[in-house]
Each structure stands twice: as structure tokens, then as C-alpha cells.
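Take this structure, written in C-alpha cells, and hold onto it; I'll ask about it next.
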Amino acid sequence: MSDHTPATRSPAFWINAALLALLALVPPILFITGQPFWLDVFTRLVILAIAATALNLILGFGGLVSFGHAAYLGLGAYAVGIPTYHALYGGMDAIASFNGFLHLGLAIAISALFALLTGAISLRTRGVNFIMITMAFGQMVFYAIVALENYGGDDGLTIDVRSEFPLISLDNPLTLYAVGYLSLLLVLFIVYKITRSRFGLTLQGARSNEERMRSLGVDCYRYQLVAFVISGALCGYAGFLLGNFTTFISPEMMDWTRSGELMFMVILGGAAFLLGPVIGAAAFILLEQLLREVTIHWHLPFGILLILSVLFFKGGLAGIVDRQRLKGNRQ
Amino acid sequence: MNTASQQPILKTTDLCKRFGGVFATDNVNLDVLDGEVHALIGPNGAGKTTLISQLSGLLKPDSGRIEFKTRNMTGKPAHKFARAGLARSFQITSLFADMTLLQNVALAVQAHAGHSFNFWRNATLDKKLLDPALSYLETTGLANSAGKQVSEVSHGERRQLEVAMALATEPSLLLLDEPMAGMGSEESNLMINILQKLSGSKTILLIEHDMDAVFTLADRISVLVYGRIIATGKGDEIKANPDVRAAYLGEEANA
Ligand SMILES: Nc1ncnc2c1ncn2[C@@H]1O[C@H](COP(=O)(O)OP(=O)(O)OP(=O)(O)O)[C@@H](O)[C@H]1O
Ligand SMILES: [Mg+2]
């Protein structure tokens with residue numbers, strides 16, 4: 001929570017700026033120089049980075065370990081798939097449409113509503129109980145979608161037409177990447193503003209010492225619930241992008257293992273650092289790609305690496321930079 | 001000292017709290033008068049902290065009644081107690097360990113200022129929070145450490161910060177749970193000075209083991225033994241009370 005005046009920008013600031021600049025330049029260059037595969041990897045990266053940044057609001061800044069955030073990715077993606085399905089094959093006239101604004105609005109509204117209902121219950125608990133109950137709600141969505149035979153059940157659903165917007169077409173991979181990247185910047189800015197506002201400070205106070213917050217007169221529950229809803233809505237937005245990116249959605253994308261991956265990104269990168277989840281998502285996806293090329297049994301070494309990094313990089317990858325900064329300040 | 005206006009600001013009626021077989025609060029009837037410094041003394045394990053925790057809403061009494069400014073507070077959640085004007089400090093220091101002293105107190109000022117549903121304005125530079133926070137740090141002798149992390153300051157300074165945070169909510173009754181716990185004599189004297197200054201303007205319920213501090217600061221004293229209040233009165237009355245001498249002061253004299 002330190003303040004950076006232009007004269008005293010920290011190394012962390014420059015690393016963050018460099019990271020965002022790389023994300024702006026490298027993927028389009030790779031695409032133009034004939035490596036479209038890498039543009040796909042980076043598109044997935046920025047979308048998952050949005051989801052992880054959303055999760056970080058509640059996990060990193062709120063100290064509440066939600067294990068069900070993949071559900072919001074799924075809800076956001078199905079908010080694209082289901083209206084599109086009906087626009088093609090009839091039925092459900094109220095939502096049958098290719099209109100991107102409708103998809104986006106549905107993704108955010110449904111995610112926020114789901115977060116409000118499940119958060120209101122989950123936030124009555126703490127610790128392991130909170131982890132378990134958020135996971136249970138996530139699995140509930142998973143099984144609900146599996147049961148919806150109309151939309152492919154556990155076989156999933158192909159999105160034949162992407163969300164339509166005036167002026168731009170998400171069918172163009174470069175456009176889709178640009179939308180994803182700019183969305184990431186927007187979500188980072190929103191989370192940045194929130195974390196330094198009175199609301200954000202209250203949230204962090206409750207993470208640090210909830211009993212003290214209560215005896216200062218703060219009803220922590222209300223703030224945590226609102227943070228949970230914001231986090232869910234932003235994650236639903238990432239789901240909207242993910243649906244448009246993969247053009248195929250299935251319950252598998254909201255399985256609890258997916259929620260675990262999002263958590264790993266946040267913790268690996270550094271919870272409670274603004275760009276920690278972005279670094280975590282980048283490390284996660286690049287590692288996954290590299291190991292996949294080396295061995296088909298990439299899941300095992302990948303899992304081991306994740307566990308080691310969580311154990312030994314306290315504060316995650318972003319935390320390493322930040323500790324250097326603190327050392328520098330003390331000298 | 002100050003002339004108490006003889007109105008009870010806090011009143012408990014037959015308050016009881018058990019932990020298994022331990023009667024930690026045993027039919028406690030306690031009045032704290034508006035304007036007074038009321039000391040609560042008693043041996044280790046007498047139930048002083050348990051009582052304060054009920055008076056700040058963090059523990060629910062099993063039975064009995066708590067009235068604050070004639071409002072019934074029994075069973076209300078902790079944040080309602082604080083908003084009604086009761087603030088406590090903790091015997092075991094309870095701070096925001098990952099923040100600076102100034103941020104700790106600013107958060108307390110913010111908590112008092114009303115709801116915090118402002119999502120956009122930068123509160124870390126908000127003068128409406130930082131200026132009062134600094135003044136509470138000054139009052140408690142911490143102005144020079146404002147920018148330090150909690151982890152960088154001494155135990156004594158953390159105890160001072162405990163008091164600063166309770167003060168920052170502008171309470172009408174300050175509940176202080178052993179503000180001098182674990183302090184050396186120099187630090188204790190500093191704290192006694194701070195409390196003496198506060199006693200002119202604040203109503204205080206003070207738990208303290210240091211008898212010099214108690215007799216210096218308190219207008220009235222209540223003695224708690226095994227969860228029961230065995231005597232309430234002015235310093236001289238308490239010193240002369242045979243029950244108190246047997247149960248408590250006698251122990252001290254032997255030690
Ligand atoms: N949460 C709890 N669960 C069970 N027993 C408790 C709990 N809190 C306190 N007690 C017991 O209640 C009694 C009163 O404890 P309390 O902490 O209120 O005493 P105290 O007067 O503050 O003592 P000290 O001077 O050591 O701070 C003790 O016997 C203690 O062991
Ligand atoms: Mg105690």
C-alpha cells in the first residue's frame with residue numbers, strides 16, 4: 001500500500017510495466033510473423049489473467065480462499081453459448097440473440113447474482129469450511145450444466161457464432177486478443193482503484209484482523225459480500241471472453257480442478273499484489289506449454305512444480321520482487 | 001480528580017458467563033459512572049477479560065443484561081457495541097500487523113466515520129483520515145513512529161497503538177484491558193501519563209494489575225474474584241476492605 005510518486009517508482013513498478021508492454025507487443029508480432037499458435041496461447045493467458053485478477057480481489061485482498069471461481073468462467077461462457085444456440089435453433093425468444101451486449105450483460109448479471117446468493121451463505125463460515133462450501137457451490141453449477149441435455153450435457157456445446165458487436169468482429173484473432181488485453185488492463189485498473197479506496201482498505205483490514213475490525217465498529221460481512229459479488233462479476237466477464245475464444249464450452253471448464261488452477265495462478269504469482277495473478281497466469285500457461293512439449297505425462301511434474309512454488313515462494317513470484325524493494329528501502 | 005456526574009453510562013445486571021465448569025462471570029452487577037475512571041482489579045483468571053469481551057460484544061453472556069446509555073445492548077454483535085460508543089483495547093495486542101502505525105489508526109478513524117462503501121477515491125491519501133489519525137498518534141506519544149510498520153516498533157509502542165486505535169473511534173466509554181501488560185517501568189510511566197491526560201475528558205473502565213497505576217488513576221475500583229465482584233468503592237475503601245485484603249491485596253503483599 002505504498003505510494004509511488006514519479007520520482008520513486010519501484011523496481012516492481014517497472015517490472016509490471018514491462019510485463020504489460022510485452023503482452024501488448026509480443027503476441028501480435030508473433031502472429032504477424034506467422035506463429036498464430038502463440039497468439040492463441042496468449043489470448044488464453046490474458047483471459048485467465050482476468051479471472052485470476054478477479055479471484056485475487058477476494059482471495060488476496062480479502063483473505064477469503066474461494067475454491068469455486070471456475071463456476072463464474074462457466075456461467076460467463078454459457079451466457080454466450082445458450083443465447084447463440086437459441087438464435088440458431090429457436091426457442092427461448094427472450095434471450096435468443098447473437099448480440100454481444102446481451103451476452104456480456106447476461107454473463108455479468110448472472111455471475112453477480114450467483115455470487116450474491118452463494119456468497120451470502122458461504123461468508124457465514126471461515127477457513128476450511130469456506131473453502132469447502134464455495135467448492136460445493138461450484139460443483140453444483142457443474143452438475144446443473146451436466147444435467148442440461150439441451151445444451152449438450154457433459155459433451156459440451158459448440159458456439160457456432162461469436163458474440164456480435166458493432167464495428168469489430170471477434171472472429172478476427174488479433175481483434176479478440178486486443179479485446180482480451182484491453183479488458184485485462186481495465187480489470188486491473190478497477191481492482192487497483194478498489195484496493196486503495198475506503199472499501200478496499202476495509203476489506204484488507206478484515207483480512208488482517210477481523211476481530212479488531214469488528215470491535216472498531218465494522219460489519220465485515222457486508223463488505224466481504226460486496227467484494228465477493230464484484231469478484232464473481234469480473235470472473236463472469238472473463239468467462240464471456242473465454243466462450244468467444246474457445247467457441248466450445250463444456251461443464252469441464254467449471255470443474256473444481258479448474259478452480260484450483262485459478263487459485264494456483266493467484267498464489268504462484270503472489271496474492272495481494274496487483275499484477276501477481278497476471279504473472280501467475282503467465283507462469284502457469286508457459287510452464288504448461290513447455291512441459292507438454294517435453295513429455296505427455298506433463299501433469300505430474302507440473303503439479304509438483306506448482307506445489308513447490310507455493311511452498312517456497314512466500315508471496316509468490318511478485319513477492320520476490322517486492323522483498324527486494326523492501327530491502328532496498330531499508331538500506 | 002474530575003467531578004463525575006454520577007450518571008451510570010454502563011450498567012450490567014446479573015451478568016453470567018460459564019466456560020464448562022468455570023464460572024468466569026458470576027452475577028456481575030457493575031455500574032460505570034459518566035466521567036469516571038473505574039478500575040477493575042482481580043487476580044489472574046478472575047474473569048476480567050471475559051467481562052470486557054462481553055461489554056464489547058465479542059462474547060455473548062449466558063444470561064443477564066448490558067445497558068449502555070440506557071439502551072439494551074444484550075446480544076448485539078460487536079460492531080453495534082462499537083458504533084454505540086464503546087471501544088476496547090486488547091490485553092493481547094491485536095493490531096493490523098501488515099500495516100504502518102498511521103494506517104492502523106487511519107483505519108480506525110475510517111471505521112468511525114460511517115460506512116466505507118466508496119470504491120473509487122484514493123483513501124490512502126485522504127486528509128480526512130490521516131489528519132485525525134496523526135493527532136491520535138500524537139496523543140499517545142507515537143507521532144515519531146507514524147510511518148513505521150507494526151513489526152518494526154517496540155512492544156511498548158504497540159501497547160500505545162492499542163490505545164490510539166480505541167481512541168480513534170471517539171468512544172464515550174473506553175475499555176482498556178491491561179494497557180501496561182508486559183511493559184517496563186519507564187514505558188509504564190509513559191502510559192500512566194497518557195491515561196492521566198485522557199482521564200480528564202474520557203470515561204474509562206481500566207483493567208490493571210499495577211496497583212500504583214490503579215490508585216493513581218482510578219476514581220472508583222471494583223474487585224473481581226472468581227467471576228464475582230466482591231467490592232466496589234473509592235481507593236481508600238478498597239484498601240481497607242477485609243474481604244479484598246484476604247482475597248487479593250493480601251496476596252500481593254505476600255508476593
Ligand atoms: N474462551 C475460553 N474458553 C474456556 N475458558 C476460558 C475462555 N476464556 C477464559 N476462560 C477461563 O475463564 C477464566 C477467566 O479468564 P479471563 O481471561 O477472563 O481472566 P482475567 O481476569 O482476564 O485473567 P488475567 O489477569 O490473567 O488476564 C479463566 O479460568 C480462563 O481459563
Ligand atoms: Mg485478562
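The values are calculated or read from the model by the stated rules, or taken from the named source; none is laboratory data. Just so we're clear, the structure is a prediction, and the values are computed from it rather than from any experiment. Glycine also receives a Cβ, built like all others from the backbone with ideal geometry; neighbour counts cover every protein chain displayed.
Checking the conditions here, which among B:G45, B:G20, B:G64 is surrounded by fewer than 22 Cβ atoms within 10 Å (Cβ to Cβ) and within 13 Å of ligand 2 (Cβ to nearest atom)?
Just a single option satisfies the conditions, and that option is B:G45.
I would also like to ask the following. Mind counting the residues in the range B:52-97 that are more than 16 Å from the chain's Cα centre (by Cα) and not basic (K, R)?
Here the count works out to 14.
Another question, if that's okay. Can we say B:A168 is among the small types (G, A, S), within 14 Å of chain A (Cβ to nearest Cβ), more than 16 Å from ligand 2 (Cβ to nearest atom) and in contact with a helix residue (DSSP H, G or I) (Cβ under 9 Å, 6 or more places away or on another chain)?
Judged against the criteria, B:A168 is a match.
Yes or no: B:P43 more than 17 Å from the chain's Cα centre (by Cα), within 16 Å of ligand 1 (Cβ to nearest atom) and within 13 Å of B:E178 (Cα to Cα)?
So B:P43 fits the description; yes.
Please tell me if A:I50 is in a helix (DSSP H, G or I), surrounded by 12 or more Cβ atoms within 10 Å (Cβ to Cβ) and at pLDDT below 90.
Taking the combined requirement at face value, the residue does not satisfy it.
Filter the range B:113-124 down to residues that are surrounded by fewer than 21 Cβ atoms within 10 Å (Cβ to Cβ) and facing chain A (nearest Cβ under 7 Å) and give me whichever is nearest to B:L167 (Cα to Cα).
In this case the residue turns out to be B:T124.
Another question, if that's okay. Are any of the residues in the range A:54-73 in contact with a Cys (Cβ under 8 Å, 6 or more places away or on another chain) and in a loop (DSSP other than H, G, I, E, B)?
Checked against the condition, which is being in contact with a Cys (Cβ under 8 Å, 6 or more places away or on another chain) and in a loop (DSSP other than H, G, I, E, B), the range A:54-73 yields at least one hit.
Evaluate the range B:103-122: report whether one residue or more is within 16 Å of ligand 2 (Cβ to nearest atom), part of a helix (DSSP H, G or I), modelled with pLDDT of 95 or more and within 30 Å of B:S185 (Cα to Cα).
no
Kindly check whether there is at least one residue in the range B:195-205 that is at pLDDT below 95, assigned by TED's automatic domain parsing to the domain that holds B:M73, away from ligand 2 (no atom under 16 Å from the Cβ) and farther than 30 Å from B:M73 by Cα.
Among the residues of the range B:195-205, not one is at pLDDT below 95, assigned by TED's automatic domain parsing to the domain that holds B:M73, away from ligand 2 (no atom under 16 Å from the Cβ) and farther than 30 Å from B:M73 by Cα, which makes the answer no.
Check whether at least one residue in the range A:233-253 is within 14 Å of another protein chain (Cβ to nearest Cβ) and assigned to a helix (DSSP H, G or I), and report yes or no.
Within the range A:233-253 (the criterion being within 14 Å of another protein chain (Cβ to nearest Cβ) and assigned to a helix (DSSP H, G or I)), the answer is yes, since at least one residue qualifies.
How many residues does the range B:99-112 hold that are among the β-branched types (V, I, T) and at the interface with chain A (Cβ under 9 Å from one of its Cβ atoms)?
1
If you take the residues of the range B:1-40 that are closer than 25 Å to B:T70 by Cβ and β-branched (V, I, T), which of them is nearest to the chain's Cα centre (by Cα)?
The qualifying residue nearest to the chain's Cα centre (by Cα) is B:V37.
Quick check on this structure: which one of A:L274, A:L268 is outside any helix (DSSP H, G or I) and of a type in the set (A, V, I, L, M)?
Going through A:L274, A:L268 in turn, just one is outside any helix (DSSP H, G or I) and of a type in the set (A, V, I, L, M): A:L274.
Criterion first (touching a helix residue (DSSP H, G or I) at 6+ places or on another chain (Cβ under 8 Å) and of a type in the set (D, E, K, R)) does A:E149 satisfy it?
So A:E149 fails the test.
Restricting attention to the range B:152-180, and to residues there that are assigned to a strand (DSSP E or B) and within 16 Å of ligand 1 (Cβ to nearest atom), which single residue is surrounded by the most Cβ atoms within 10 Å (Cβ to Cβ)?
B:L176
If you scan the range B:29-49, which residues turn out to be over 15 Å from B:R220 (Cβ atoms) and away from chain A (no Cβ under 14 Å)?
Once the filter is applied, which keeps residues that are over 15 Å from B:R220 (Cβ atoms) and away from chain A (no Cβ under 14 Å), the range B:29-49 yields B:P43, B:N44, B:G45, B:A46, B:G47, B:K48.
Suppose we filter the range A:299-325 for residues that are under 13 Å from A:V266 (Cβ atoms) and at pLDDT 65 or above; how many remain?
Total meeting the criteria: 8.
A further question on this structure: Tally up the residues in the range B:50-98 that are more than 16 Å from ligand 1 (Cβ to nearest atom), in contact (Cβ under 8 Å) with a residue 40 or more places away in the chain and within 8 Å of another protein chain (Cβ to nearest Cβ), please.
So the count comes out to 6.
Yes/no matrix, rows are residues, columns are (1) at pLDDT 90 or above; (2) over 18 Å from A:V278 (Cβ atoms):
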{"position": "A:F13", "(1), (2)": "no, no"}
{"position": "A:Q35", "(1), (2)": "no, yes"}
{"position": "A:L45", "(1), (2)": "yes, no"}
{"position": "A:L73", "(1), (2)": "yes, no"}
{"position": "A:A79", "(1), (2)": "yes, yes"}
{"position": "A:H86", "(1), (2)": "yes, yes"}
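Let me ask something else. Residues to consider are B:L95, B:L59; find the one that is part of a loop (DSSP other than H, G, I, E, B), at pLDDT 95 or above and within 16 Å of ligand 2 (Cβ to nearest atom).
Step by step, each of B:L95, B:L59 is checked, and only B:L59 is part of a loop (DSSP other than H, G, I, E, B), at pLDDT 95 or above and within 16 Å of ligand 2 (Cβ to nearest atom).
Looking only at the range A:192-216, filter to residues that are surrounded by fewer than 23 Cβ atoms within 10 Å (Cβ to Cβ) and in contact with a helix residue (DSSP H, G or I) (Cβ under 6 Å, 6 or more places away or on another chain); which one of those is farthest from the other protein chains (Cβ to nearest Cβ)?
Ranking the candidates gives A:E210 first.
Restricting attention to the range A:20-35, does a residue exist that is in a helix (DSSP H, G or I) and closer than 20 Å to A:E252 by Cβ?
Within the range A:20-35, not a single residue is in a helix (DSSP H, G or I) and closer than 20 Å to A:E252 by Cβ.
Restricting attention to the range B:181-235, which residues are among the polar types (S, T, N, Q) and either farther than 16 Å from B:L51 by Cβ or in a helix (DSSP H, G or I) (or both)?
B:S185, B:S188, B:N189, B:N193, B:Q196, B:S199, B:S201, B:T203, B:T216
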